[in-house]
Each structure stands twice: as C-alpha cells, then as structure tokens.
1. Check every one of the helices (runs of 4 or more DSSP H) wholly within segment 63-179 and list those with 2 or more residues that are over 19 Å from residue 217 (Cβ atoms).
2. Within segment 309-334, restricting attention to residues that are modelled with pLDDT under 85 and in a loop (DSSP other than H, G, I, E, B), which residue is farthest from residue 393 (Cα to Cα)?
3. Identify, please: which residue in segment 79-98 is touching a residue at least 60 places away in the same chain (Cβ under 8 Å) and over 19 Å from residue 49 (Cβ atoms) and is, among those, nearest to the chain's Cα centre (by Cα)?
4. With in contact (Cβ under 8 Å) with a residue 24 or more places away in the chain and not assigned by TED's automatic domain parsing to the domain that holds residue 384 as the only criterion, which of 362, 322 stands out?
5. For the structure I just gave you, tell me whether residue 101 is under 28 Å from the mean Cα position of the chain (by Cα), under 25 Å from residue 160 (Cα atoms) and touching a residue at least 60 places away in the same chain (Cβ under 8 Å).
C-alpha cells in the first residue's frame with residue numbers, strides 16, 4: 001500500500017515537468033518545421049544554392065567562418081550574430097545546404113530571421129513562461145508605389161512581423177539588427193513618405209534607422225548618447241533624414257547639424273552635398289518660416305541671394321538631392337513671391353516688383369492679334385500684362401517668372 005502511494009506521489013510531482021518538456025518539444029518541432037518550410041520556399045524561388053550538395057569536414061571552426069564559407073560557396077546571403085562564438089565539429093557528405101542549416105539550428109539551439117533572401121542567424125531565445133504568446137494578425141500596412149506613401153496602424157505588434165510585412169508590400173528591404181525580433185511596437189501614420197514614415201516609426205519606439213549604400217534599411221536599438229534624429233554614412237556623406245517634432249539637437253561628425261529653432265514646433269535641418277556639377281541639398285523643415293528656410297540653405301550652400309521684401313508664410317517639406325533653384329521653385333510655388341537668377345545672385349521678392357518681372361515679345365504667324373485677349377483664358381492672364389502691337393502683329397507679355 002505504502003509503495004503504491006509513494007509511486008503515485010512521485011508521478012504526481014513529476015507530471016508538470018513531463019508536461020512542460022512535452023510542450024517544449026512540440027514548440028521546437030513546430031519551429032524547425034517552419035524554418036524548413038521557409039528554406040524550401042527560398043530554394044524554389046530565388047535561392048537555388050540551398051539545394052546544392054555539400055561536402056564539409058570541419059573541426060574547431062567558428063560558426064562565423066563555417067557559415068561564411070557556406071554562403072560564399074553557394075551564393076547565399078547570410079548574416080551571423082557576432083555573439084555566436086562557439087566552434088563546430090562536424091562532417092557532412094552529399095547533404096543539401098538546406099538540411100545542414102536545419103541540423104545546425106537543432107544541434108546548436110539557433111534561430112533564423114528571414115528578410116527576403118537574407119538569413120540572419122542568432123541564438124534562440126525561448127518564450128518567457130507565463131507570458132501569453134503573440135498571436136499574429138493581419139497587420140495594417142499600406143503602401144502606394146506611385147506616390148511612395150506609407151500608412152501604418154500598429155498596436156503592440158511584433159516588430160519582426162511588421163518589418164517583414166513592410167518589405168513585402170513596399171519591395172524595399174528592411175532588416176533588424178540582433179536582439180530586436182521579439183520587440184513589440186505601436187504607431188499610427190497615414191500617408192507619409194516611406195523614409196520619413198520608417199524613421200517616425202523608429203523614433204516612436206526607441207529605435208533608429210540606418211540606410212546602407214545598397215539601399216537596405218537597418219533598424220537598430222538606441223544606445224545611450226545616440227542621435228534619434230539623423231544618421232549619416234561617414235564614408236559617403238549621404239544624409240539619412242528623420243522628422244523632428246521637438247527641440248533641435250546639435251550636430252556631430254555622424255549627424256546633420258540642426259539650425260536653431262525658429263518657433264514652437266519649428267525645425268530646419270539641412271545638409272549640402274558638393275558634387276562636380278552642382279550643390280545638392282537635403283532639407284527637412286517642419287512648420288518653418290519660408291524666409292528662414294531660404295536663409296539657412298543659402299548660408300550652408302554659400303549661395304548669394306537678395307530679398308527685396310519680407311517673405312511671409314511657413315512650410316513643411318522634405319526634399320533630398322535637389323538644387324537651390326529647384327528648392328526655390330518648390331517653396332515659392334503658389335505664393336505671392338518669386339525669384340530671378342542674375343549671374344550668380346538670386347533675387348527674391350514679390351511677383352509684382354519690377355526687378356523680378358520678365359518681358360517677352362510673341363509674334364503671331366498664322367492669325368492676327370485682333371481680339372486675341374478675348375480668347376486667352378482669364379486664369380492664364382492672371383498676373384500678366386498684355387500689350388498689343390498691331391503693326392507688328394505681336395503682343396508684349398509682362399509678368400513674374
């Protein structure tokens with residue numbers, strides 16, 4: 001009797017352990033099956049190297065070098081977490097690359113994050129006990145390729161799944177640095193340019209975005225002292241802008257200098273890139289006075305200008321790689337102001353000023369000028385003075401540029 005009772009007690013105490021072990025085993029089986037499925041999809045799509053046979057015999061080789069060798073030999077895109085430092089002691093003969101990868105995942109407790117054809121290897125971190133598992137849902141990510149506008153409506157969503165969804169709908173490669181795959185994020189953005197929307201999403205969730213020279217967007221965790229507002233490639237000088245809704249920050253060697261704030265919530269951030277042919281301007285302005293934008297850009301680009309009158313009105317803009325003349329056209333369009341380039345001096349002021357008006361004689365060839373003003377739409381004649389010279393069958397047009 002006592003023996004039966006003792007066996008029952010031992011079994012009762014071990015039951016939670018057995019259940020937990022069974023659950024963990026099932027979780028791993030599902031995880032391995034999902035990785036195998038993704039590898040098969042890549043092999044069938046655009047990564048045939050995963051089906052190549054492999055012959056390797058290694059002893060004491062680091063996982064970094066081992067995976068790098070596989071990537072180079074079979075034309076794969078592989079990224080390995082620097083924290084993985086263990087050594088590999090294995091022999092593979094006539095086994096597919098895909099099966100070898102799954103073996104490594106099983107044997108060394110690894111996980112793979114897929115981004116397009118890129119495979120990022122990192123240490124598998126099992127879900128925390130007692131924390132409800134994240135349930136994937138239909139992510140509200142919308143993108144217009146015509147206008148390059150991105151909309152996001154996220155609430156405690158998996159960053160990994162969000163990044164994958166953004167990559168799928170935009171066809172722009174967005175990847176995560178190590179340690180971010182389990183992070184949850186929230187943001188609501190509607191119809192914002194892609195780069196600005198991605199930076200805004202990062203800003204709201206204590207992340208930063210770095211755009212590489214081959215047009216990959218890398219999301220990284222913020223470290224102490226990091227500038228959330230901009231990133232710059234020190235080798236190429238390419239500006240990586242983001243929106244800023246607070247106070248300006250001082251520039252550094254790796255971030256774009258910020259101009260002083262011109263008012264509450266107003267920010268001007270500008271960088272000028274010198275090229276062989278012209279100066280290219282990268283500008284981000286939020287609710288900033290037009291006059292201050294022009295002054296800031298002209299000063300940084302060392303461009304001569306003269307303002308005939310005070311320019312009123314604010315603007316919010318984000319432009320990249322434009323000339324100063326193109327920028328003025330964008331800023332002054334549909335306003336009371338215009339500009340004129342005289343040698344290397346930009347003259348800026350009201351359209352009605354004589355110094356900024358242009359004159360042109362148009363001679364008609366196939367009709368007389370009689371009643372010509374009656375057939376010109378009123379909208380086209382707005383702000384334009386028309387004088388007729390019947391003896392020359394010509395008209396003189398005077399107006400702003």
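1. 63-74, 97-107
2. Only one residue fits best here, namely 309.
3. It comes out as 81.
4. 322 is the lone residue from the list that is in contact (Cβ under 8 Å) with a residue 24 or more places away in the chain and not assigned by TED's automatic domain parsing to the domain that holds residue 384.
5. Taking the combined requirement at face value, the residue does not satisfy it.
For (1) under 28 Å from residue 111 (Cα atoms); (2) modelled with pLDDT of 90 or more; (3) surrounded by fewer than 18 Cβ atoms within 10 Å (Cβ to Cβ), each residue gets a yes or a no:
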{"site": "146", "(1), (2), (3)": "no, no, yes"}
{"site": "156", "(1), (2), (3)": "yes, no, yes"}
{"site": "166", "(1), (2), (3)": "yes, yes, no"}
{"site": "178", "(1), (2), (3)": "yes, no, no"}
{"site": "204", "(1), (2), (3)": "yes, no, yes"}
{"site": "214", "(1), (2), (3)": "yes, no, yes"}
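The values are calculated or read from the model by the stated rules, or taken from the named source; none is laboratory data. Quick caveat, the model's predicted, so the values are computed rather than measured. Positions of Cβ are backbone-derived with ideal geometry, glycine not excepted, and every protein chain shown enters the neighbour counts.
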